[in-house]
1. Criterion first (farther than 20 Å from Glu56 by Cα and among the aliphatic types (A, V, I, L, M)) does Ala161 satisfy it?
2. Return the residue satisfying two criteria in turn: it lies in region 114-132 and is under 28 Å from the mean Cα position of the chain (by Cα) and among the hydrophobic types (A, V, I, L, M, F, W, C), and of such residues it is modelled with the lowest pLDDT.
3. Might you let me know whether region 107-126 holds any residue that is β-branched (Val, Ile, Thr) and farther than 30 Å from Gly171 by Cα?
4. Do we find that Ala73 is modelled with pLDDT of 90 or more and surrounded by 10 or more Cβ atoms within 10 Å (Cβ to Cβ) in this structure?
5. Quick one: Leu105 ticks every box in (1) surrounded by 10 or more Cβ atoms within 10 Å (Cβ to Cβ); (2) at pLDDT 80 or above except a single one, so which number is it?
6. Pro82 passes all but one of (1) at pLDDT below 75; (2) under 23 Å from the mean Cα position of the chain (by Cα); (3) assigned to a loop (DSSP other than H, G, I, E, B); which number fails?
7. Only residues in region 79-97 that are more than 20 Å from Leu26 (Cα to Cα) count as the first member; pair them with residues that are outside any loop (DSSP other than H, G, I, E, B) and basic (Lys, Arg), Cβ under 6 angstrom, at least 6 apart or cross-chain, and list the lot.
8. Applying the selection to region 145-158, what residues are surrounded by 13 or more Cβ atoms within 10 Å (Cβ to Cβ) and over 14 Å from Val59 (Cβ atoms)?
Amino acid sequence: MELFINLFLFFMLVVTALAILKMRHLFAVVMLSGVFSLLCALLFVTLDAVDVAFTEAAVGAGISTVLMLGTMALTSRNEKMPRKFSLMPLLVVMATGAVLIYGTLDMPNFGSAKSPAQTHVAAQYLALTPTDMGFPNVVTAILASYRGYDTLGEVVVVFTAAVGVLILIGGLARRRHKDEEEAN
């Protein structure tokens with residue numbers, strides 16, 4: 001049953017991505033991007049990565065959707081059609097995909113007991129967390145203490161992205177206001 005759910009979610013991800021590619025109305029693209037993020041979050045839950053699913057739902061579907069809608073309020077609602085077809089973006093995406101696939105060829109099978117995560121640090125985390133941290137929640141201990149700098153880095157990246165988008169939106173709003181004043 002779990003395999004069926006995972007395959008269904010992957011299928012829905014592909015369908016949503018193809019729908020995003022075909023859309024020209026930006027509001028629909030933003031909404032479908034939020035749906036895509038929620039589908040990813042559901043997939044992460046089925047793969048027992050609830051912390052990643054929560055982050056994907058909060059950042060991918062929540063914050064990103066709000067920021068894109070805010071940006072869209074200050075810009076055009078429809079995509080401008082390109083003048084001609086450009087092959088370079090397609091080649092870059094295909095090359096990047098090929099490199100990513102090549103990079104995964106030597107990875108251990110999903111959930112393998114012989115993977116480095118299972119043989120090196122996992123046993124150490126499980127054994128030392130109650131004595132090192134004083135509480136039994138291993139996931140919280142890893143994210144907040146053992147990998148605290150990594151978690152801080154992720155928060156800084158999200159904060160910086162939000163500030164950058166707000167600065168861009170502020171610049172667009174000032175430019176629109178200035179254009180309106182010049183028109184009057």
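The values are calculated or read from the model by the stated rules, or taken from the named source; none is laboratory data. Just so it is clear, the model here is predicted, and its values are computed rather than measured. Neighbour counts are summed over all protein chains in view; Cβ atoms, including those assigned to glycine, are modelled from backbone coordinates with ideal geometry.
1. no
2. Ranking the candidates gives Ala117 first.
3. Looking only at region 107-126, we keep the residues that are β-branched (Val, Ile, Thr), and these are 119, 121.
Among the residues that remain, those that are also farther than 30 Å from Gly171 by Cα are: 119, 121.
Among the residues of region 107-126, at least one is β-branched (Val, Ile, Thr) and farther than 30 Å from Gly171 by Cα, which makes the answer yes.
4. Details: modelled with pLDDT of 90 or more: no; surrounded by 10 or more Cβ atoms within 10 Å (Cβ to Cβ): yes.
In short, no.
5. Failed condition: (1).
6. Single failed check for Pro82: (2).
7. Filtered contacts from region 79-97: no entries.
8. Taking region 145-158 first, the residues surrounded by 13 or more Cβ atoms within 10 Å (Cβ to Cβ) are 146-147, 151, 154, 158.
Tyr146, Arg147 - these are the residues of region 145-158 that are surrounded by 13 or more Cβ atoms within 10 Å (Cβ to Cβ) and over 14 Å from Val59 (Cβ atoms).
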